[in-house]
1. Scan (1) within 14 Å of the ligand (Cβ to nearest atom); (2) assigned to a helix (DSSP H, G or I); (3) over 24 Å from A230 (Cβ atoms) for the single condition G102 breaks and write down its number.
2. Could you tell me which residue of the stretch 165-215 is surrounded by the most Cβ atoms within 10 Å (Cβ to Cβ), considering only residues that are more than 15 Å from C103 (Cβ to Cβ) and of a type in the set (K, R)?
3. Can you pull out every residue in the stretch 222-232 that is outside any strand (DSSP E or B), charged (D, E, K, R) and surrounded by 12 or more Cβ atoms within 10 Å (Cβ to Cβ)?
4. Of all residues in the stretch 171-188, how many are of a type outside the set (D, E, K, R) and either out of contact with any Phe, Trp or Tyr (no Cβ under 8 Å at 6 or more places or on another chain) or modelled with pLDDT under 95 (or both)?
5. Quick one: what pairs do we get from the stretch 1-30, first residue touching a residue at least 60 places away in the same chain (Cβ under 8 Å) and part of a helix (DSSP H, G or I), second hydrophobic (A, V, I, L, M, F, W, C) and away from the ligand (no atom under 11 Å from the Cβ), C-beta under 6 Å, 6+ apart or different chains?
6. Out of the stretch 31-62, which residues are touching an Asp or Glu at 6+ places or on another chain (Cβ under 7 Å) and either surrounded by fewer than 19 Cβ atoms within 10 Å (Cβ to Cβ) or in a helix (DSSP H, G or I) (or both)?
7. With respect to the numbered conditions (1) surrounded by fewer than 24 Cβ atoms within 10 Å (Cβ to Cβ); (2) within 6 Å of the ligand (Cβ to nearest atom), which one is the sole condition not fulfilled by D93?
8. Does A114 fit the bill of being modelled with pLDDT of 95 or more, more than 14 Å from the ligand (Cβ to nearest atom) and within 22 Å of the chain's Cα centre (by Cα)?
Amino acid sequence: GMAEEAKRAAAWAAVENHVKNNQVLGIGSGSTIVPVVHRLAERVKQENLNVVCIPTSFQARQLILQNDLSLTDLDRHPELDVAIDGADEVDSDLRLIKGGGGCLTQEKIVAGYAKCFVVVADYRKNSKNLGEQWKKGIPIEVIPMAYVPVTRALTRRFGGGAELRMAARKAGPVVTDNGNFILDWKFDKIHKWNEVNTAIKMIPGVVETGLFINMADVVYFGMEDGSVCARQ
Ligand code: DER
């Protein structure tokens, strides 16, 4: 449909503009990264490019292997050239909500060690303020034994509500690729996101938040008409 076409257009633009020979690439997680990896694999084959890929989840790892791309890791390449990933929502200052797919922790690590962090998204993610379109809250990865006190501290200090993310095709809570739980924090006002992000990270038991502040270098939005608009 229209959103799928928009994702594909954004993916193509990102790969065309940022992938070249002899690079270390970070591969994000979710659905928009799929056309990114497909286009990347096409270019690698057609142009005989030498690129190595660091995954941000089991899903991304499978995608890299299924497309015959070369896997590597942060031990061998502690700094990446480009990381490409999706987002659940992007605001006018390119702050992101990520983690809808539960992969936020490795995504933030890989994005954080990349010289350039490129986001690909369809028009539904393009908001003025966080929370306008994405209504599932900010994902927060927590150590399982602490999720109740973290929930209490979070909602007492910052309001809103937080709920443990339950699995759909497995009994019990979602367990991340890192063996942790996820709280989805449904905030109820516009916050000073940089301060709130730092404060949430300090709550004992919090591993990572799905707030990506001052991280995205460029965002490619696939639009309803199939065009692409880039924001930096
Ligand atoms: O879960 C994640 O962090 C994903 O990258 C998410 O932010 C984007 O997923 P989508 O491309 O399927 O919308």
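1. (2)
2. K186
3. To start, the set of residues in the stretch 222-232 that are outside any strand (DSSP E or B) comprises 223-227, 232.
Filter again for charged (D, E, K, R), leaving 224-225.
If the condition is that a residue be outside any strand (DSSP E or B), charged (D, E, K, R) and surrounded by 12 or more Cβ atoms within 10 Å (Cβ to Cβ), then E224 is the only one that fits.
4. Applying the first criterion (of a type outside the set (D, E, K, R)) to the stretch 171-188 yields 171-176, 178-183, 185, 187.
Still in the running and either out of contact with any Phe, Trp or Tyr (no Cβ under 8 Å at 6 or more places or on another chain) or modelled with pLDDT under 95 (or both): 171-172, 176, 178-180, 182.
Within the stretch 171-188, residues that are of a type outside the set (D, E, K, R) and either out of contact with any Phe, Trp or Tyr (no Cβ under 8 Å at 6 or more places or on another chain) or modelled with pLDDT under 95 (or both) number 7.
5. Final answer for the pair search is A9/V228; A10/V228; A13/V228; A14/V118; V15/L40; H18/V82; H18/V118.
6. Listed by number, the residues that qualify are I33, A41, F58.
7. Among (1) surrounded by fewer than 24 Cβ atoms within 10 Å (Cβ to Cβ); (2) within 6 Å of the ligand (Cβ to nearest atom), the lone unmet condition for D93 is (2).
8. yes
The values are calculated or read from the model by the stated rules, or taken from the named source; none is laboratory data. Values in this document were obtained by computation on a predicted structure and should not be read as measured data. Note that we place each Cβ from the backbone using ideal geometry, even for glycine, and neighbour counts take in every protein chain shown. Heads up: the accessible areas ignore ligands, DNA and RNA and are worked out on the full protein's heavy atoms, side chains in. Shrake-Rupley method; radii C 1.70, N 1.55, O 1.52, S 1.80 Å.
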